[in-house]
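Here's the structure we're looking at; comments come further down.
Read-outs: derived from the displayed coordinates by stated rules, not from any lab. No experiment lies behind these values; they were computed from the predicted model shown. Here Cβ is always computed from backbone atoms with ideal geometry, including for glycine, and neighbour counts include all displayed protein chains.
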Amino acid sequence: MTANLVRLTDDTGDKGDKAVKQFHLSRRDLGLASLAAALPLPALAQGLRLWPANGAKNVNPDTPLALAFPSAPALGKSGRIRIIDTADNSLVDTLDMSIPPGPDWRRRRPDGSPPDTTVYQVKTIGGMEGLHFQPVIIHGAVARIYLHKQLGYGRTYRVSLDPGVLSGYPAGTEWSFTTKAAPPPASATRLVVAADGGGDFSTVQGAVDFVPGKPARRVTIFIKNGVYEEQVYAANKSNLTLRGESRNGVTVHCGNNSAFNPAKPRYAFSLAGCEDVQLSTFTIENDYFGQAEALMTRGSKIIIDRMTLNGSGDALQLHGSAYLKDIKLYGHGDTILTDAAAFFDGGEIKSLGPVVWPRNTDASHGSVFKDVTFLGVKEPAPWTREPDGSGVISKNVLARIPDNGGRNYPYAEMVLINCRIDGIEPDAWTVQPLPWDSSKVKFWEFNSKDLKGRPVDVSKRHPVSKQLTLPKDAKLIADYSNPEFVLGWKPVVHPA
């Protein structure tokens, strides 16, 4: 990602605190503060409403716990939350509030710093161990509790909070609930995720974990409209579709970045080692900034269909072949980082800095964009913003090849076919100044237009780039308009 981002996130100080507020105010309102109204929380205890309700039956074992207070509670720095199996009073899970969630996500440790020996909250997600996480998250008057692991089926659990965990929690108050008797059939090909508990699972991760790595028949995880605050890590999955009820009605999001989870997945949503997996019609957001991806894919034959992705630096990472249909993507520079073939078919990409950092080798094509709209945003990066709104504004280019520790990418490829462009610098491409052979770089455009459909002035384009024309380049244009030519496989978007 951009060099100034790496530098400025080393120590943001008070500027970082101000930037946090500005950043979240600038994001689409997820309605998180209104969770109390969205969730059925009928059990009352001195004005407190609980989810699952006290005495509730048939609860999904993966459900996050929730407490709605009469007014906004404060999270303490001591005390424990305990989950107890009432059958034998055994302790199933403990969340210790004296343990910090993770490093300060606004301040990346400078290179060369001594090792961080602090003990942080950790959990395993999708088989990935040692991930830092927030055990309690407060939005408005609602506090949600996230356990280390999914509970069991057919069990009754009691929840106990020590004094000091949450202000306003009545001392000695406990509640209990009973989980569903059994999971869905192992042969199920359609699973429903619902935030209100009305589906097979309450979390996306719960459903992903249930699906076998290589199901005999394609499995669809249908995500009902709602807000799902969770990091999702799908590892070694195939023959799987995750589909939202509606693109704007389903939001899967969390706060994660390279400062909060150094040397661990810093993405909101990951497909790791996956093949033939499709994401359709929902929104993924990363609530943090810096190196804070919305989505990372590693594998092959990945399809991203009508998805909205909001991240920060490296907002979308693609490692392995992918077909992307009508996506909406927003990021803060190096918005797309890819080292393999990717075909973008329609959609809109907004970026505060360079759109793509292509890293493909000569073993594959790079990134190809057909009928895509590129919007360069002239705003300061959120981690640089001052109270008056000023800050560092990165150069908006289509792609860049920077000096990356002496490494370069001589086969970098980014091809635009019939795209619309606004807010991009006239030279459009940035190439590192080191002496190297750039003759194999493919920074190509055909028929680029502005938002009103007028031809873009390409007279000042970087000399390494090339304009494709008809009839001279007819075959190249036809080839690069064909996803199968770029990817090496024919993408088929699975219908609902």
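Based on Cα contacts under 8 Å between residues 6+ apart, the stretch 336-438 shows a relative contact order of 31 percent. Normalised by the number of residues in the chain, the mean separation of alpha-carbon contacts (under 8 Å, six or more apart) gives a relative contact order of 10 percent. Percent of Cα pairs in the stretch 121-243 per distance bin of 5 Å, from zero to the largest separation: 2, 9, 17, 20, 20, 17, 8, 4, 3, 1, 0. Short-range pairs are left out: with C-alpha atoms under 8 Å and at least six residues apart, the relative contact order of the stretch 172-252 is 27 percent.
If the chain linking A171 and N89 were pulled fully straight, counting 0.36 nm for each residue of separation and taking away their Cα-Cα distance, it would gain 27.5 nm. Rg ratio for the stretch 403-496: its Cα radius of gyration over 2.2 N^0.38 Å, N being its residue count, equals 1.26.
Between 0 and 90 degrees, the angle of helix 13-26 with respect to the longest Cα principal axis of the chain falls at about 90 degrees. At 222 nm, what helix-only mean residue ellipticity would the chain give, in deg cm²/dmol to the nearest 500, using -39500 (n - 2.57) for each DSSP H run of four or more? Per the formula, -2000 deg cm²/dmol. Per-residue packing, averaged as other Cβ atoms within 10 Å, sorts the ranges 295-307, 327-339, 444-456 into the order 327-339, 295-307, 444-456, beginning with the highest. Counting only the Cα atoms, the chain fills a convex hull of 152 Å³ per residue. Most tightly packed first, judged by the mean number of other beta-carbon atoms within 10 Å of their residues, the peptides 272-282, 349-359, 201-211 read 349-359, 201-211, 272-282.
A straight chain from L470 to E129 at 0.36 nm per residue would run longer than the Cα-Cα distance by 117.4 nm. Applying 0.36 nm per residue to the separation of T117 and K449 and subtracting their alpha-carbon distance, the gain on full extension is 114.2 nm. Determine which residues of the stretch 161-176 fall in the zone a paramagnetic label at S78 would reach in this model, i.e. backbone nitrogen under 17 Å from the point 7 Å along Cα→Cβ. The answer is 161-169, 171-172, whose backbone nitrogens lie closer than 17 Å to the label point. In the chain, the DSSP beta bridges split such that about 25 percent are antiparallel, to the nearest 5. What you get for the chain, charging only the Cβ of Lys and Arg (+1) and of Asp and Glu (-1), is a dipole of about 640 debye around the Cα centre. Rounded to the nearest 20 debye, the dipole size of the stretch 131-224 about its Cα centre is 480 debye, using +1 on the Cβ of Lys and Arg and -1 on the Cβ of Asp and Glu.
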